[in-house]
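What follows draws every value from the coordinates through simple rules; no lab data is involved. Predicted model, so just to flag it, every value in this text is computed and none were measured. Here the Cβ is made from the backbone with ideal geometry for all residues, glycine too, and neighbour counts use every protein chain on show.
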Amino acid sequence: MKIAIMGAMREEIAPLLEKLDNVKEIKYASNRYYEASYNGIDVVVAYSKIGKVFASLTATILIEKFGCDRLLFSGVAGAINEDLSIGDLIVANKLCQHDLDITAFGHPHGYVPEGAEFIHCDESLVALSKDVAKSLGIHLYEGIIATGDQFVSDHAKKAWISDTFCADALEMEGSSVAVVCDALDVPFFILRAISDSADDSADVDFDTFLEKSAKVSANFILKMVEKLT
Ligand code: ADE
């Protein structure tokens, strides 16, 4: 087993790198990949940079070049569901691309022919995350995560994403990672800790809570890896 652990920003993987053993940096395709071990298991860690294109590239490289056979994503998200507060953890059961739009041809938002409006995460990894949350006494939300190449800090946009996709949280990479893993048949898991509420204070909240929430997510991911060994 070789596990890819991916984030979008340096802050999202920094708390992971601190805790790994035998870290070896490899430069490839304008990025850095970190081969390491954790609890005796091989892992490869990388941050993609923000957005769907960079995330797709990094997920593909983790699988095709480094041979990872599972992918765990760790990072932060904006909350849509009002039950979610800053620092809360949400695991995606399915993901969609809120900015994918060929509705001019009669298709639903988020859908292109031969694609799917929603991509489902691996059920056994989601089940494992619930066991881990229970053993740690943490409340883990499960729901729909919407992805788009946009930092959302606007009530109307947030409401539209909520109404259109019934999404609970939003971010900028998860769904593209899901597309790659689904196509390459690699079980994947997308975890996010809330950094903001995608409203008009989202930019300030994001800067304030990025590091703290990223750490919450990273620590949980490492607990998952412990259970996978
Ligand atoms: N990731 C964290 N907060 C976000 C937001 N408000 N919009 C998009 N991605 C995010």
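Observations on the model:
- Candidates 177, 186, 45, ranked by Gaussian network fluctuation over the chain, Cα under 10 Å, top entry: 186
- Just checking the listed ones, 204, 179, 43: in the Gaussian network model of the chain with Cα springs under 10 Å, the one fluctuating most is 204.
- Here residue 116 and residue 207 are evaluated by their C-beta separation; at R0 = 25 Å the FRET efficiency comes out at 0.15.
- Loop-located GluC sites (Glu not before Pro) in region 1-102 (DSSP state other than H, G, I, E, B) with a sparse environment of at most 14 neighbouring Cβ atoms within 10 Å: 18, 82.
- The angle between the Cα long axis of helix 123-136 and the main principal axis of the chain comes to about 70°, on a 0 to 90 degree scale.
- Here the extension length gained between residue 130 and residue 142 equals 3.4 nm, from 0.36 nm per residue of separation less the Cα-Cα distance.
- Length gained on full extension, residue 39 to residue 166, computed as 0.36 nm times the residue gap minus the Cα-Cα distance: 41.9 nm.
- Built amide H within the under 5 Å cut-off of residue 142, gap 5+: 91
- Gain in span if fully extended, residue 149 to residue 183, counting 0.36 nm per residue against the direct Cα distance: 10.2 nm
- Cross-linked pairs 27/215; 27/94; 27/227; 65/134: Cα-Cα separations exceed 26 Å for 27/94; 27/227; 65/134.
- Across region 2-228, Cα-Cα pairs more than 21 Å apart make up 51 percent of the total.
- Pairwise FRET efficiency - residue 83 versus residue 31, Cβ, R0 = 30 Å, nearest 0.05: 0.25
- Dipole magnitude of the chain about its Cα centre (Cβ charges: Lys, Arg +1; Asp, Glu -1), debye to nearest 20: 800 debye
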